[in-house]
Amino acid sequence: MIKTESSFQDIERKIINELRGAKKSIRICVAWLNTDIYGPVLVDAITNGVTVEIIVNDDANNEKSISALNPSIKIEKVKVSGGLMHNKFCIIDESIVINGSYNWSNNAKNHLENIVIIRNDFELSRSFMHEFYLMRDYITSIQNRKKRNSCSISGCRFGVFNVGILGRESGQYCDSQVDIWEICKGNDHAIKIRSVDEQHLLAQLGLIDNPNHEEYWEITEENMVEVVELQRKDDQVVKDYFETMCGLNIHAIGCVAELNANEFLEGYANLMEYGINIIWKDIVYRESIPDQYLDGCGDIDDIIKEHI
C-alpha cells in the first residue's frame with residue numbers, strides 16, 4: 001500500500017531516522033550535504049552492508065565536507081554548465097522516496113522547509129532512480145561534449161542540436177527512413193546531416209519484443225529495478241545506433257507523430273496535425289531542447305514532410 005507523509009518541522013531528525021532504517025541501499029541526490037550531520041549514520045549504514053551512493057553539486061563547500069566521508073561511500077560531484085545541481089531527493093531500499101525543499105545542509109533547519117516521504121509507490125521510485133542515474137550520466141556527458149557548433153544558416157548565431165529521427169516502420173519488411181538533422185535552437189533552422197533506409201530496425205536494435213515499460217508494465221517492487229535498467233539500456237542502444245551512423249554526438253532522438261489523431265478521427269478537427277515528439281534527450285541539453293517540435297515552426301516542416 002502506498003503511504004505518503006508530509007513534514008514541515010523536525011525534518012532533520014526524520015531524515016536521519018529513515019536513513020537508519022535502510023536495509024539494502026541509500027541513494028542521495030542533494031545540492032549540499034553536511035557530513036557532520038549525516039556522515040555518521042551513512043557510515044553505520046555502510047558497516048551494516050547497505051550500499052550508499054551520493055550525488056552533490058560540485059562546489060567548494062561540498063569538496064570540504066565530503067572529503068572526510070568513508071571511502072566506501074560512492075560520491076559523484078555534478079557541475080552543471082551555467083546552473084546548479086539543485087535536486088533534494090533520496091531513495092531508500094528502492095521503495096522509499098524523500099523529496100522536498102529541504103537542503104541537507106547545516107542551516108536548513110533554520111528555514112521554513114518541507115519534505116514528503118512516499119512509501120511503496122514503485123512507479124515514483126522508478127522515476128527518481130532514473131533521474132539519479134541521469135545525474136550520474138551528466139558527468140560523463142559534459143566531459144565528452146565537444147564544442148557546440150553554431151547554426152550553418154548565414155547570419156544565425158544560435159547553437160545547434162543533432163537530432164535523430166526514427167521513421168515509422170511499414171510493409172512486409174518493416175521499412176523505415178531514419179534521419180539525423182541539425183536543428184537550430186533559436187530559429188528552428190533544420191539541415192539534414194544523413195538519411196538511410198532501414199528494414200526491421202527495431203528488431204535489429206532488440207526493441208521489437210521489448211515493450212515500453214511505461215505503457216505495458218505494471219511497476220512493482222519485484223520488477224522496478226529491472227524496468228529502470230531496461231529503460232536505460234534501450235536509450236543507450238538507440239543513441240549508439242545514431243552516433244555510429246553519423247560519427248557525431250547525438251543530443252536528442254524523436255519521431256514524427258500525429259498530434260490530434262483522436263480528434264481528427266472523431267470529426268472534431270478538420271486537419272491532422274503533426275509534430276516531432278522527442279523521446280530521449282542528452283541530460284546536458286535537457287532544458288534547452290523542447291519535448292515537442294510543432295508543424296509550422298521554421299524548417300521543422302521539412303522534417304515532418306519526409307515522415308508522413
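Each value in this text was obtained by applying a stated rule to the coordinates, not by laboratory testing. Note that the structure is predicted; figures quoted are calculated from it, not measured. Positions of Cβ are generated from backbone atoms using ideal geometry, with glycine treated the same way; all protein chains shown enter the neighbour counts.
All other residues with a Cβ under 15 Å from the Cβ of residue 98 taken together, and with Lys, Arg as +1 and Asp, Glu as -1, what is their net charge?
Net of charged neighbours comes to -3.
Quick check for you: which residues of the stretch 169-185 have the amide N under 20 Å from the point 7 Å beyond the Cα of residue 248 toward its beta carbon?
177-185
Run lengths n ≥ 4 of DSSP H only: what is the helix-derived mean residue ellipticity at 222 nm for the chain, with -39500 (n - 2.57) per run over all residues, to the nearest 500?
Only helices count here, giving -9000 deg cm²/dmol.
Length gain on complete extension for the stretch residue 130 to residue 203, per 0.36 nm per residue less the alpha carbon to alpha carbon distance?
Stretched fully, the residue 130-residue 203 segment lengthens by 23.8 nm.
Hand me the GluC sites (Glu not before Pro) from the stretch 234-277 located in a DSSP loop with no more than 12 other Cβ atoms within 10 Å, in residue order please.
The qualifying sites are 266.
With an 8 Å Cα cut-off and a minimum separation of 6 or more residues, compute the relative contact order for the stretch 1-94 in percent.
The normalised contact order for the stretch 1-94 reaches 37 percent.
Mind giving me the FRET efficiency for residue 175 and residue 114? R0 is 51 Å, r the Cβ-Cβ distance, nearest 0.05 is fine.
0.45
Select from 108, 261, 252 the residue whose mean-square fluctuation is largest in a Gaussian network model of the chain (Cα-Cα springs shorter than 10 Å).
Of 108, 261, 252, the most mobile in the Gaussian network model is 261.
Please list 3J(HN,Hα) in residue order for the stretch 53-64, calculated via the Karplus relation 6.51 cos²θ - 1.76 cosθ + 1.60 where θ = phi - 60°; whole Hz, with x for glycine and proline.
Result, ordered by residue: 10, 10, 10, 10, 5, 8, 8, 5, 4, 5, 4, 5 Hz.
Output the relative contact order of the chain, whole-number percent, from Cα pairs under 8 angstrom with separation of 6+ residues.
Relative contact order of the chain: 14 percent.
Give the shape of the stretch 109-174 as rounded, prolate or oblate, defined through the alpha-carbon gyration tensor: a ≥ b ≥ c are the square roots of its eigenvalues, a/c under 1.5 means rounded, and otherwise the shape is prolate if a/b is larger than b/c and oblate if not.
Oblate.
Give a residue-ordered list of calculated ³J(HN,Hα) values for the stretch 186-193 (Karplus: 6.51 cos²θ - 1.76 cosθ + 1.60, θ = phi - 60°; whole Hz; x for Gly, Pro).
In residue order, the calculated couplings are x, 10, 6, 5, 9, 10, 6, 8 Hz.
So how far apart, in nm, are the two label points at residue 140 and residue 220 if each is 7 Å from Cα heading toward Cβ?
In this crude label model, residue 140 to residue 220 measures out at 3.1 nm.
Please list, in order along the stretch 156-167, the HN-Hα scalar couplings obtained from phi with the Karplus expression 6.51 cos²θ - 1.76 cosθ + 1.60 (θ = phi - 60°), rounded to whole Hz, x for Gly and Pro.
Result, rounded to whole Hz: 9, 10, 6, x, 10, 10, 8, 10, x, 10, 8, x.
If one computes P(r) from the Cα atoms of the chain, what percent of pairs lie at distances over 29 Å?
Every Cα pair in the chain considered, those over 29 Å come to 48 percent.
Search the structure for amide H atoms under 5 Å from the amide H of residue 76, placed 1.01 Å from N in the peptide plane, and list their residues when 5 or more places away or on another chain.
The list, which skips near neighbours in sequence, is 54, 55, 56.
What is the sum of charges around residue 50, taking Lys and Arg as +1, Asp and Glu as -1, for the other residues whose C-beta is under 14 Å from the C-beta of residue 50?
So the environment of residue 50 carries a net charge of 0.
Give me the distance in nm between label points sitting 7 Å out from Cα along the Cα-to-Cβ direction at residue 262 and residue 301, one decimal.
If labels sit at residue 262 and residue 301, their model points lie 2.9 nm apart.
Are there any trypsin sites (Lys or Arg not before Pro) in the stretch 29-125 that are in a DSSP loop and have at most 15 other Cβ atoms within 10 Å? List them by number.
Here the trypsin sites (Lys or Arg not before Pro) that fit, given the DSSP loop and packing criteria, are 79.
Under 5 Å between amide H atoms, partner at least 5 residues away or on a different chain: which partners does residue 274 have, H built in plane at 1.01 Å?
259, 295
In the stretch 3-144, what percentage of the DSSP-assigned beta bridges are antiparallel, given to the nearest 5?
Approximately 65 percent, going by the DSSP bridge assignments.
Nearest 5 percent is fine: what portion of the DSSP beta bridges confined to the chain is antiparallel?
Approximately 75 percent, going by the DSSP bridge assignments.
Given a Förster distance of 41 angstrom, what is the FRET efficiency for residue 123 paired with residue 150, based on the Cβ-Cβ distance and rounded to 0.05?
Plugging the Cβ-Cβ distance into 1/(1 + (r/R0)^6) gives 0.50.
Could you work out how much longer the chain between residue 24 and residue 44 gets when fully extended? Use 0.36 nm per residue separation minus the Cα distance between them, nm to one decimal.
Taking residue 24 through residue 44 to full extension adds about 5.9 nm, to one decimal.
Can you list residues from other chains, or at least 5 along the same chain, whose modelled amide H is less than 5 Å from the amide H of residue 269?
Close amide H contacts, sequence-distant or interchain: 264.
Exceeding 20 Å between C-alpha atoms, which entries from my cross-link table qualify? They are 239/281; 192/305; 24/77; 77/239.
Cα-Cα > 20 Å for 24/77; 77/239; rest within.
If you take the square roots of the eigenvalues of the alpha-carbon gyration tensor of the stretch 207-308 and sort them as a ≥ b ≥ c, do you get rounded (a/c under 1.5), prolate (a/b over b/c) or oblate?
Oblate is the answer for the stretch 207-308, as a/c is 1.5 or above yet b/c matches or exceeds a/b.
Where in the stretch 1-91 are there chymotrypsin sites (Phe, Trp or Tyr not before Pro) that are in a DSSP coil and have at most 13 other Cβ atoms within 10 angstrom of their Cβ?
8
Where nothing but the Cβ of Lys and Arg (+1) and of Asp and Glu (-1) is charged, how large is the charge dipole of the stretch 222-308 around its Cα centre, in debye to the nearest 20?
220
Residues in the stretch 238-267 near a label at residue 196, defined as backbone nitrogen under 14 Å from the 7 Å Cα→Cβ point?
So the set is 238-248.
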